[in-house]
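Novice: Attaching a single structure in structure tokens format; questions to follow.
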Amino acid sequence: MGAFGFFFPIFDSSMIILIPGVILAMYAQFKVQSTFGRYIKVRAGTGMTGAQVAKRILDDAGIRDVTVEMTGGHLSDHYDPRKKVLRLSPDVHNGASLASLGVAAHEVGHAMQHHQGYLPLSLRATFVPVAQFGSTLAFPLFLIGFIFQTGWMIYAGIYAFTAVVLFQLVTLPVEFNASGRALARLQAGGYITPAEAGGAKKVLDAAALTYVAAALMGILQLLRLLLLAGVLGRRDD
């Protein structure tokens with residue numbers, strides 16, 4: 001699941017706060033696309049596909065109730081805890097590259113978290129409906145309140161967006177932990193050699209950077225809302 005967030009189209013000097021987040025977000029997207037594009041062309045020595053490795057790691061971990069299937073799209077890989085299905089994009093499902101194995105193992109990491117009751121994952125799951133609600137209503141509540149100077153709507157929008165930011169922050173340890181599990185399992189199982197581990201790690205690190213960028217952007221957006229509302233400093237009218 002991707003991080004939630006949005007951009008408030010209110011233009012004033014406070015927008016400068018968002019510049020670091022915008023720069024990091026752009027760099028993160030470039031990094032994940034370029035790194036994945038590079039290592040999707042580097043074939044792993046075992047010759048096993050992402051789907052095969054995912055199934056092997058699940059078996060090794062004693063997880064028998066999670067299925068692996070292919071889904072459409074590019075970098076659309078995810079684990080569905082409700083249906084216990086690990087969905088891999090075509091490049092990852094059928095590919096035998098370092099990128100394919102790294103991404104597949106990362107999603108297995110989420111399945112392992114679910115199987116073991118990993119607390120941050122459970123906490124993130126509780127935030128999902130609240131974050132969805134916040135990402136949908138925070139903008140209209142704040143904008144309408146800002147235009148008509150209706151205090152309760154402004155603060156309702158801020159509280160709603162705070163839930164989005166909390167979701168983004170809770171997501172960080174979940175993603176980093178899944179990547180750590182992925183690298184450990186790939187090496188312990190002999191699916192990648194020590195020489196290949198560096199490439200797989202670069203793919204996982206690039207993907208993790210997108211979540212860091214989303215969290216930073218969310219924090220900066222929240223700070224900007226507080227400035228616009230006059231909570232932090234004096235609002236520029």
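Novice: Could you give the angle, 0 to 90 degrees to the nearest 10, between helix 151-188's Cα long axis and the longest principal axis of the Cα atoms of the chain?
Specialist: 20 degrees
Novice: Amide H neighbours of MET70 under 5 Å, at least 5 residues apart or on other chains, H built in the peptide plane: list them.
Specialist: LEU88
Novice: Which translational diffusion coefficient, to the nearest whole µm²/s, is obtained for region 30-85 from the Stokes-Einstein equation, given a Kirkwood hydrodynamic radius over C-alpha pairs, 37 °C and 0.692 mPa s?
Specialist: This corresponds to a translational diffusion coefficient of 248 µm²/s.
Novice: Note the full-extension length gain between ILE219 and GLN116 as 0.36 nm times their separation in residues minus their Cα-Cα distance, in nm to one decimal.
Specialist: Going from the current span to full extension adds 34.1 nm.
Novice: What distance in nm lies between label points placed 7 Å from Cα along the C-beta direction at LEU137 and VAL22?
Specialist: Here the answer is 3.0 nm between the modelled labels.
Novice: FRET efficiency for TYR155 and SER76, Cβ-Cβ distance as r, R0 = 35 Å, nearest 0.05?
Specialist: Calculated value: 0.45.
Novice: If you bin the C-alpha pair distances of region 13-228 every 10 Å from 0, what whole percents do you get?
Specialist: 9, 30, 31, 18, 10, 3, 0
Novice: Apply 1/(1 + (r/R0)^6) to the Cβ-Cβ distance of VAL130 and ALA195, taking R0 = 35 Å, and write down the FRET efficiency to the nearest 0.05.
Specialist: Rounded to the nearest 0.05, the efficiency is 0.20.
Novice: If you average the alpha carbon positions of region 118-151 and of region 193-225, how far apart do those two centres end up, in angstrom?
Specialist: 23 Å
Novice: To the nearest 10 degrees, how steep is helix 194-228 against the longest Cα principal axis of the chain, on a 0 to 90 scale?
Specialist: In the chain, helix 194-228 runs at an angle near 10 degrees to the longest axis.
Novice: Between ARG43 and PHE148, what is the label-point separation in nm under the 7 Å Cα-to-beta-carbon projection?
Specialist: Label at PHE148, label at ARG43, 6.4 nm between them.
Novice: What does DSSP give for region 13-228 in terms of the percent of beta bridges that are antiparallel, rounded to the nearest 5?
Specialist: 50 percent
Novice: For the chain, find the longest principal axis of its Cα atoms and tell me its angle to the long axis of helix 98-116, 0 to 90°, nearest 10.
Specialist: It works out to around 70 degrees.
Novice: Run the count for the chain, please: Lys pairs, Cα-Cα under 27 angstrom, 8 or more apart or on different chains.
Specialist: 11
Quick note: the coordinates plus some simple rules give every number you see, no bench work behind them. Here the structure is a predicted model, which is why all the values come from computation and not from measurement. Neighbour counts are summed over all protein chains in view; Cβ atoms, including those assigned to glycine, are modelled from backbone coordinates with ideal geometry.
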